[in-house]
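Structure, as structure tokens:
The values are calculated or read from the model by the stated rules, or taken from the named source; none is laboratory data. Because the structure is a prediction, the values reported are computed rather than measured. No Cβ is skipped: glycine too gets one built from the backbone with ideal geometry, and neighbour counts run over all protein chains shown.
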Amino acid sequence: MAESKTFLFANAVRVLSTAAREGGYKVPSFKGPPDLGEHSRTLKRNNDGSVTISVVFRGRAWLSTLSDIVEGFVVANSHFEKSYELRDLLWFVIEEEELSAITGLSNSAPNYSFNSAA
């Protein structure tokens, strides 16, 4: 049975948030899509110090979306000097939990590009 991109996005954020939290990292809030239509990912620093990451997850390659989620975590933890450790942790979890595997959905992105604001 095909899974919706909305479900895949929410599940990936949930699983990666748990891993990041357990690793002692800050967990940003995620939503989709960004209010600025020309960007595939945007970042908002909130007054309380939290970070909200908006990501386009429909109509584009799923691995691109996962990459934007991972980079959202990295930006939210920008105070951390060893960002490669956080990236390695999150990509390990993506591989172990098979979050990059999707069934019944097209992995192809449309023929337009987005710019990242984060």
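Remarks
- Residues located in the range 21-44, provided they are farther than 19 Å from VAL93 by Cα and outside any loop (DSSP other than H, G, I, E, B): LYS31, HIS39, SER40, ARG41, THR42, LEU43, LYS44
- Residue satisfying all of: in the range 9-21; surrounded by 19 or more Cβ atoms within 10 Å (Cβ to Cβ) and within 11 Å of the chain's Cα centre (by Cα); farthest from SER54 (Cα to Cα) among these: LEU16
- In the set THR6, THR52, THR65, only one residue is surrounded by fewer than 13 Cβ atoms within 10 Å (Cβ to Cβ), among the β-branched types (Val, Ile, Thr) and either at pLDDT below 95 or outside any loop (DSSP other than H, G, I, E, B) (or both); that residue is THR6.
- Yes/no for ARG58 being exposed (fewer than 15 other Cβ atoms within 10 Å of the Cβ) and in contact with a helix residue (DSSP H, G or I) (Cβ under 6 Å, 6 or more places away or on another chain): yes
- Any hit, the range 4-24, residues being under 17 Å from HIS79 (Cβ atoms) and among the acidic types (Asp, Glu): no
- Taken as a whole, the range 96-109 holds at least one residue that is assigned to a helix (DSSP H, G or I), at pLDDT 90 or above and over 16 Å from LYS26 (Cα atoms).
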